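Here the structure is laid out as C-alpha coordinates; the discussion comes afterwards.
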Amino acid sequence: MHLPRALISLAFVASCKTTAPPAAPAAPEAAAPEAAAPEAASSEPATTAIDDPDARASLAQIAQSEAPGAHVLTSGRVRIEGNVIELPVDLAPGACITAIAIAPDADVAASLVLPGDTTELAAGSTGKISVAGGRSTTGCWKNPTPLGGRIALRLIGPNSIVVYFEVLST
(Lines give C-alpha, C1' and ligand atoms only; values in the text may rest on other atoms or scores of the structure.)
Protein backbone atom coordinates (compact mmCIF):
# COMPACT_ATOMS: atom_id res chain seq x y z
CA MET A 1 0.00 0.00 0.00
CA HIS A 2 1.49 3.33 -1.06
CA LEU A 3 0.42 6.41 0.93
CA PRO A 4 0.99 9.99 -0.27
CA ARG A 5 3.92 11.78 1.38
CA ALA A 6 1.62 14.46 2.86
CA LEU A 7 -0.56 11.81 4.55
CA ILE A 8 2.47 10.01 5.98
CA SER A 9 4.00 13.29 7.21
CA LEU A 10 0.70 14.40 8.75
CA ALA A 11 0.25 11.05 10.48
CA PHE A 12 3.81 11.23 11.79
CA VAL A 13 3.33 14.77 13.09
CA ALA A 14 0.02 13.79 14.67
CA SER A 15 1.43 10.68 16.31
CA CYS A 16 4.35 12.64 17.70
CA LYS A 17 1.98 15.12 19.28
CA THR A 18 -0.34 12.51 20.81
CA THR A 19 2.31 10.28 22.35
CA ALA A 20 4.18 12.88 24.36
CA PRO A 21 4.35 11.91 28.02
CA PRO A 22 2.67 14.19 30.57
CA ALA A 23 4.92 16.76 32.21
CA ALA A 24 6.52 15.55 35.42
CA PRO A 25 6.29 17.63 38.60
CA ALA A 26 9.02 20.25 38.79
CA ALA A 27 12.21 19.02 40.41
CA PRO A 28 15.52 20.85 40.74
CA GLU A 29 16.96 18.88 37.81
CA ALA A 30 13.79 19.39 35.72
CA ALA A 31 13.79 23.17 36.13
CA ALA A 32 16.14 23.76 33.19
CA PRO A 33 13.93 22.05 30.52
CA GLU A 34 10.84 23.90 31.76
CA ALA A 35 12.71 27.20 31.54
CA ALA A 36 13.45 26.42 27.87
CA ALA A 37 9.73 26.16 26.99
CA PRO A 38 9.07 29.93 26.75
CA GLU A 39 12.05 30.26 24.40
CA ALA A 40 10.51 27.65 22.08
CA ALA A 41 7.17 29.47 22.17
CA SER A 42 8.88 32.74 21.26
CA SER A 43 10.01 31.18 17.95
CA GLU A 44 6.36 31.20 16.88
CA PRO A 45 5.16 34.50 15.38
CA ALA A 46 3.51 36.90 17.79
CA THR A 47 -0.17 37.34 17.06
CA THR A 48 -2.56 39.78 18.65
CA ALA A 49 -6.32 40.10 18.74
CA ILE A 50 -8.04 41.60 15.73
CA ASP A 51 -8.31 45.28 16.68
CA ASP A 52 -9.82 46.56 13.43
CA PRO A 53 -13.65 46.33 13.36
CA ASP A 54 -13.70 46.48 9.54
CA ALA A 55 -11.26 43.55 9.29
CA ARG A 56 -13.28 41.57 11.86
CA ALA A 57 -16.52 42.22 9.91
CA SER A 58 -14.87 41.29 6.59
CA LEU A 59 -13.50 38.04 8.00
CA ALA A 60 -16.94 37.12 9.39
CA GLN A 61 -18.64 37.86 6.06
CA ILE A 62 -16.08 35.86 4.06
CA ALA A 63 -16.24 32.99 6.56
CA GLN A 64 -20.02 32.81 6.19
CA SER A 65 -19.76 32.40 2.41
CA GLU A 66 -16.58 30.24 2.27
CA ALA A 67 -17.19 27.95 5.27
CA PRO A 68 -20.82 28.20 6.41
CA GLY A 69 -21.39 26.79 9.88
CA ALA A 70 -17.67 26.61 10.69
CA HIS A 71 -16.22 27.66 14.02
CA VAL A 72 -13.01 29.64 14.50
CA LEU A 73 -9.97 27.60 15.56
CA THR A 74 -7.63 30.57 15.68
CA SER A 75 -7.62 34.17 14.52
CA GLY A 76 -5.57 37.28 14.97
CA ARG A 77 -3.41 40.04 13.60
CA VAL A 78 0.19 39.37 12.63
CA ARG A 79 2.99 41.30 10.94
CA ILE A 80 4.82 39.38 8.22
CA GLU A 81 8.56 39.63 8.79
CA GLY A 82 10.87 38.21 6.13
CA ASN A 83 8.09 37.81 3.52
CA VAL A 84 6.87 34.43 4.91
CA ILE A 85 5.31 33.46 8.20
CA GLU A 86 3.90 30.15 9.44
CA LEU A 87 1.34 29.93 12.22
CA PRO A 88 0.63 26.55 13.85
CA VAL A 89 -2.90 25.12 13.70
CA ASP A 90 -3.91 22.16 15.87
CA LEU A 91 -6.63 20.03 14.38
CA ALA A 92 -9.01 17.30 15.39
CA PRO A 93 -9.48 13.97 13.61
CA GLY A 94 -11.47 14.44 10.42
CA ALA A 95 -11.48 18.24 10.75
CA CYS A 96 -12.28 20.24 7.61
CA ILE A 97 -10.15 23.41 7.52
CA THR A 98 -10.53 26.76 5.75
CA ALA A 99 -8.12 29.70 6.15
CA ILE A 100 -8.84 33.35 5.36
CA ALA A 101 -6.27 36.17 5.26
CA ILE A 102 -6.85 39.88 4.67
CA ALA A 103 -4.02 42.36 4.06
CA PRO A 104 -5.41 45.89 3.73
CA ASP A 105 -2.14 47.43 2.48
CA ALA A 106 -0.68 44.78 0.13
CA ASP A 107 -1.30 41.43 -1.51
CA VAL A 108 -1.02 38.26 0.58
CA ALA A 109 -1.17 34.55 -0.26
CA ALA A 110 -2.49 32.07 2.30
CA SER A 111 -1.94 28.32 2.20
CA LEU A 112 -2.30 25.36 4.54
CA VAL A 113 0.96 23.40 4.74
CA LEU A 114 2.75 20.74 6.71
CA PRO A 115 4.91 22.60 9.29
CA GLY A 116 8.41 23.32 8.00
CA ASP A 117 7.66 21.60 4.68
CA THR A 118 6.90 22.84 1.18
CA THR A 119 3.93 20.48 0.77
CA GLU A 120 0.80 22.57 0.25
CA LEU A 121 -2.41 20.97 1.46
CA ALA A 122 -4.61 23.85 0.21
CA ALA A 123 -3.54 27.05 -1.52
CA GLY A 124 -5.30 30.37 -1.85
CA SER A 125 -4.98 33.05 -4.49
CA THR A 126 -2.83 36.15 -4.06
CA GLY A 127 -4.62 39.42 -3.36
CA LYS A 128 -5.92 41.68 -0.59
CA ILE A 129 -8.05 38.67 0.41
CA SER A 130 -6.76 35.11 0.19
CA VAL A 131 -8.80 32.00 1.00
CA ALA A 132 -7.25 28.52 1.25
CA GLY A 133 -9.61 25.57 1.41
CA GLY A 134 -12.77 27.60 0.97
CA ARG A 135 -15.97 26.93 -0.94
CA SER A 136 -14.81 29.15 -3.84
CA THR A 137 -11.48 27.30 -4.19
CA THR A 138 -11.00 23.57 -3.63
CA GLY A 139 -13.39 23.23 -0.71
CA CYS A 140 -12.18 22.77 2.83
CA TRP A 141 -9.04 20.71 3.47
CA LYS A 142 -10.10 17.56 5.33
CA ASN A 143 -7.72 15.89 7.78
CA PRO A 144 -7.48 12.41 6.19
CA THR A 145 -6.31 10.64 9.34
CA PRO A 146 -8.19 9.37 12.38
CA LEU A 147 -5.63 11.28 14.46
CA GLY A 148 -5.42 14.88 15.50
CA GLY A 149 -2.33 16.75 14.46
CA ARG A 150 -0.79 20.03 13.51
CA ILE A 151 -0.60 21.86 10.23
CA ALA A 152 0.43 25.45 9.57
CA LEU A 153 -1.11 28.51 8.00
CA ARG A 154 1.58 29.99 5.72
CA LEU A 155 1.22 33.66 4.81
CA ILE A 156 3.39 35.13 2.06
CA GLY A 157 3.55 38.85 1.36
CA PRO A 158 5.77 41.92 1.41
CA ASN A 159 7.95 42.40 4.49
CA SER A 160 6.32 44.20 7.45
CA ILE A 161 2.70 44.13 6.25
CA VAL A 162 -0.11 43.50 8.70
CA VAL A 163 -2.37 40.53 7.99
CA TYR A 164 -5.64 39.63 9.70
CA PHE A 165 -6.46 35.92 9.60
CA GLU A 166 -8.93 33.26 10.67
CA VAL A 167 -8.62 29.49 10.51
CA LEU A 168 -11.99 27.76 10.59
CA SER A 169 -13.11 24.16 11.12
CA THR A 170 -16.32 22.34 10.26
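The values are calculated or read from the model by the stated rules, or taken from the named source; none is laboratory data. All figures in this text were calculated on a predicted structure; none of them were measured in a lab. Neighbour counts run over all protein chains shown; Cβ positions are idealised from the backbone, glycine included. To get the accessible areas, we keep the full protein, side chains included, count just its heavy atoms, and leave off ligands, DNA and RNA. Shrake-Rupley method; radii C 1.70, N 1.55, O 1.52, S 1.80 Å.
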_Within 12 Å, Cβ to Cβ, of V72, how many net charges do the neighbouring residues add up to if Lys/Arg are +1 and Asp/Glu are -1?_
0
*With a sphere of radius 12 Å drawn around the Cβ of P158, what net charge do the other residues whose Cβ falls strictly inside it have (Lys, Arg +1; Asp, Glu -1)?*
-2
*Paramagnetic label zone (point 7 Å from Cα along Cα-to-C-beta, D51; backbone N under 18 Å) in region 75-112*: 75-81, 102-105
*What's the carbon and sulfur percent of region 43-121's accessible surface, probe 1.4 angstrom, rounded to a whole number?*
48 percent
*Average accessible area per residue (Å²) across region 117-170 - probe 1.4 Å, nucleic acids and ligands excluded*: 42 Å²
_Summed side-chain charge close to I97 - residues other than I97 whose Cβ falls under 12 Å, Lys, Arg +1, Asp, Glu -1_ = -1
